[in-house]
1. Compute the signed sum of charges (Lys and Arg +1, Asp and Glu -1) over the other residues within less than 14 Å, Cβ to Cβ, of TRP128.
2. At q = 0.23, 0.25, 0.26, 0.30 Å⁻¹, what is the log10 ratio I(q)/I(0) for the range 71-129, with the Debye formula run over Cα points and no solvent?
3. Which net charge results when you count Lys and Arg as +1 and Asp and Glu as -1 among the other residues whose beta-carbon is under 14 Å from that of ALA25?
4. What's the carbon and sulfur percent of the chain's accessible surface, probe 1.4 angstrom, rounded to a whole number?
5. How much length would be gained if the chain were fully extended between ARG75 and GLU119, taking 0.36 nm per residue of separation minus their Cα-Cα distance, in nm to one decimal?
6. Could you report the chain's accessible area per residue, 1.4 Å probe, as an integer in Å²?
7. Would you calculate, for the chain, the mean residue ellipticity at 222 nm contributed by helices, counting each DSSP H stretch of 4 or more residues as -39,500 (n - 2.57) and dividing by all residues, to the nearest 500?
8. Taking the inverse of the average 1/r across all pairs of different Cα atoms in the range 39-104, what Kirkwood radius in Å do you get?
Amino acid sequence: MPRLHTSGEYPENWHEVAKRVKEAANLRCVRCGHDHNPAVGRTLTVHHFDGNKANCQRWNLMALCQACHLSVQARVDPRTPIFFDPRPWAMPYIAGVYASGVCAAPPGFDLRRWRTEYEREVGPWPDWA
């Protein structure tokens, strides 16, 4: 799979945008749940899912600890459709990818089922999704 390259420039209000994303995640990584704790190597960051630093649509911004940020960035290219259900934490972000047209949803994509699973495993479906 080709690696997703970053592009764009951070907006002038990036620090405020990143702060809001982290606060919305209760200062925890949305993937592993670890809290912001730089002393143990778990600094909370904000990952641009599509690699475009100028794209600050909420579906594109993930509050991730550094370890998860590097893992997701290295292994996931949102331009490539997936043909299996992702882990629940990722469902709203991937649904945003499909809704935005970054890539087409694969056959069988069922947003209602994803919402149900997300709400059962994670909590309320995000307002922005």
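1. Numbers: positive: ARG20, ARG58, ARG115; negative: GLU23, ASP127.
Within the 14 Å Cβ shell, the charges total +1.
2. Summing over Cα pairs of the range 71-129 leads to -0.98, -1.13, -1.20, -1.41.
3. Details: positive: LYS19, ARG20, LYS22, ARG28, ARG31, ARG42, ARG58; negative: GLU23, ASP35, ASP127.
The answer is +4.
4. Numbers: 3880 of 7650 Å².
C and S fraction of accessible area: 51 percent.
5. Details: separation 44, 0.36 × 44 = 15.84 nm, distance 2.51 nm.
Full extension of this stretch gives 13.3 nm more.
6. On the way: 7650 Å² over 129 residues.
Solvent-accessible surface per residue comes out at 59 Å².
7. Details: 4 runs with 42 residues, N = 129.
It lands at -9500 deg cm²/dmol.
8. Working: mean 1/r = 0.0807 Å⁻¹.
Over the range 39-104, the inverse of the mean reciprocal pair distance is 12.4 Å.
The values are calculated or read from the model by the stated rules, or taken from the named source; none is laboratory data. The model shown is predicted, which means the values in this text are computed figures rather than measured ones. FYI the Cβ positions are ideal-geometry reconstructions off the backbone, even for glycines, and counts take in every protein chain you see. Ligands, DNA and RNA are excluded from the accessible area calculation, which covers all protein heavy atoms including side chains. Shrake-Rupley method; radii C 1.70, N 1.55, O 1.52, S 1.80 Å.
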